[in-house]
Amino acid sequence: MNEELTLSIEKLVYGGDGLGHTDGNTVFVPYVLPGEQVRASTKSKKKKVIWADLLEVTQLAKERQQPRCPHFGKCGGCHYQHISLAEQVRLKKEIFRETLSRLGGIQWTGEITEHTAEPFGYRNRAQWAVRDAKPRAIGYFLPESSVILPIDECPVLSPRLAETFSQVQELTRSVQLPAGVLEIEAFADSADQKIALNVAFEKFPKPPAELAAVFRTAIPQLESLLLLDQRTDRFDLTGPGFLLHEAGGFTYRVSHLSFFQVNRFLIEDLLKTVLSGAKGSLALDMYAGVGFFSLPLAKAFERVVAVDANLAATRDLYANAEKAGVTIVTFNEHAEVFLKQTDEKPDFVVLDPPRAGLGAEAAAKLAALGAPEIAYLSCDPSTLARDLAVLTGSVKKQSQDADSTPRYETTEVHFFDLFPQTFHIETLVRLRKAP
């Protein structure tokens, strides 16, 4: 295919690409800025839509800057290092508004409060893939092309994770990394001192104890190690099985298969903003995870109900609640299942779903509970738009009871730049039941 194209970039879209048009086709090109003139090469085409690789920027936007990382544009981990932080934030807010309008029929013209921090050294979690070609290398996996590129450094990692990355790289260069490693997932605690690793093998090449010894020798700060043999689906754990994170005066145990917020600089701000002013009789924490919001909610409400489908996270929540001396009612099940079964009316609801969002059916069930206030923390504006369309009534239900279902109005929108240098958009939307 490899047809060369010349076009002007009109805007950035969610996903990181720039959008332009040429010869009646809509074209998506990465690593560009609105207003730039570019040369691109066709990578794939479907009807009148083309996905292209950037060849050259022939007319630069004034907002373009020199990327800090030498691997930018190749590894796929970052999308916006060529854009200043202030312009990244402005563009993300613009994309957010456009997505809500286009997909949800929601026109938010109010303020979007910005929450930003240091744009490098922020990540307390990283995922690396390994290739067995010689010389062996460790790097970031590009799912769209099934390519693994060797990476020598990564400036978005926390100092301890960056050190761990170098130590694992040394294992590969000295040919000491055990054979059959497919992927390594690394986590740092909130103090950025201790490390946990998840290491996936196609098949264990030797006894797990010997494999663990290799990693513990190479990485002295390794606190906990979970090995996985994918062929037999066998796990082997050495160490406590978790790291500890401090936030908001609480201590959170976070196990290998549980989730915790990635940006170590904005965790406190996120917790404080989501729960600002929340108090009452009953709080519902959906997608509660290890209890990041549940624990402080238990200090402000008479009862807290926490729901999460991840068993490891639910077990962590039990342990965290016990350590904090609070009581939380937990349900280890999917949100949509819980919402079909409950008829309790909470005073306050926190939603922090994965990228798939809540879902239209579950959003309708949640609206029917009629909670006075909802705090929806979203990491994907497209699924947020779908859910808000239901919660705010911009898309009416086709059933007879559409008019009787409580609907909500948006009172606040906050943008948390939890993933600077990338296209990811984290927003908090505060909703109040309409009168």
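The values are calculated or read from the model by the stated rules, or taken from the named source; none is laboratory data. Predicted model, so just to flag it, every value in this text is computed and none were measured. Note that we place each Cβ from the backbone using ideal geometry, even for glycine, and neighbour counts take in every protein chain shown. Accessible surface areas use protein heavy atoms only, side chains included; no ligands, DNA or RNA. Shrake-Rupley method; radii C 1.70, N 1.55, O 1.52, S 1.80 Å.
Taken about its Cα centre, the range 14-78 carries a charge dipole of about 200 debye when Lys and Arg each add +1 at the Cβ and Asp and Glu each add -1 at the Cβ. For Thr58 and Lys93, a Förster radius of 25 Å and the Cβ-Cβ distance give a FRET efficiency of 0.35, rounded to the nearest 0.05. Take the alpha carbon gyration tensor of the range 256-392, find the square roots of its eigenvalues, order them as a ≥ b ≥ c, and report rounded if a/c is under 1.5; if not, report prolate when a/b exceeds b/c, else oblate. Because its axes are fairly even, with a/c under 1.5, the range 256-392 counts as rounded. If R0 is taken as 22 Å, the Cβ-Cβ distance between Phe235 and Ala213 corresponds to a FRET efficiency of 0.80.
If you take all other residues with their beta carbon under 14 Å from the beta carbon of Thr109, and give Lys and Arg +1 and Asp and Glu -1, the sum is -3.
Cβ under 10 Å from Pro346's Cβ, Pro346 left aside: what net charge do those residues give with Lys, Arg +1 and Asp, Glu -1?
Taking every Cβ under 10 Å from that of Pro346, the sum is -2.
Distance between the modelled labels on Ala86 and Ala368, one decimal in nanometres: 5.0 nm (7 Å Cα→Cβ projection). Put a plus charge on the Cβ of each Lys and Arg, a minus charge on the Cβ of each Asp and Glu, and nothing anywhere else: the dipole of the chain about its Cα centre is then about 420 debye. Among the trypsin sites (Lys or Arg not before Pro) in the range 182-282, those placed in a DSSP loop whose Cβ has at most 13 other Cβ atoms within 10 Å are Lys203, Arg231, Lys279. For the chain, carbon and sulfur atoms together expose 50% of the accessible surface, with a 1.4 angstrom probe and every protein chain in place.
To the nearest 0.05, what FRET efficiency results for Gln66 and Lys43 with a Förster distance of 22 Å applied to their C-beta separation? Kindly include the intermediate steps, with their values, before the conclusion.
Working: r = 25 Å, r/R0 = 1.15.
After rounding, the FRET efficiency stands at 0.30.
Please give the net charge around Glu302, taking every other residue with its beta carbon less than 15 angstrom from that of Glu302, where Lys and Arg add +1 and Asp and Glu add -1.
It works out to a net charge of +1.
Between Glu412 and Ala191, the contour length at 0.36 nm per residue exceeds the alpha carbon distance by 76.4 nm.
Think of the chain as having a plus end and a minus end, set by charges on the Cβ of Lys, Arg, Asp and Glu; of Gly121, Thr383, Leu237, Thr383 sits farthest toward the positive end of this dipole. Helical content of the chain, expressed as a calculated mean residue ellipticity at 222 nm, amounts to -7500 deg cm²/dmol (DSSP H runs of 4 or more residues, -39,500 (n - 2.57) each, divided by residue number, nearest 500).
The alpha carbon gyration tensor of the range 1-127 gives principal lengths a ≥ b ≥ c with a/c of 1.5 or higher and a/b no greater than b/c, which makes the shape oblate. Beta bridges per DSSP, both residues in the chain: antiparallel share near 70 percent. GluC sites (Glu not before Pro), restricted to the range 38-114: which are DSSP loop and have at most 12 other Cβ atoms within 10 Å? Sites meeting the loop and neighbour criteria: Glu111.
Per-residue Karplus couplings for the range 123-129, computed as 6.51 cos²θ - 1.76 cosθ + 1.60 with θ equal to phi - 60°, are listed in order as 6, 9, 8, 8, 10, 10, 10 Hz, Gly and Pro entered as x.
Solvent-accessible surface of the chain, averaged per residue with a 1.4 angstrom probe and all protein chains in place: 45 square angstrom. Loop-located GluC sites (Glu not before Pro) across the range 180-231 with a Cβ neighbour count of 15 or fewer within 10 Å are Glu202, with loop assigned by DSSP.
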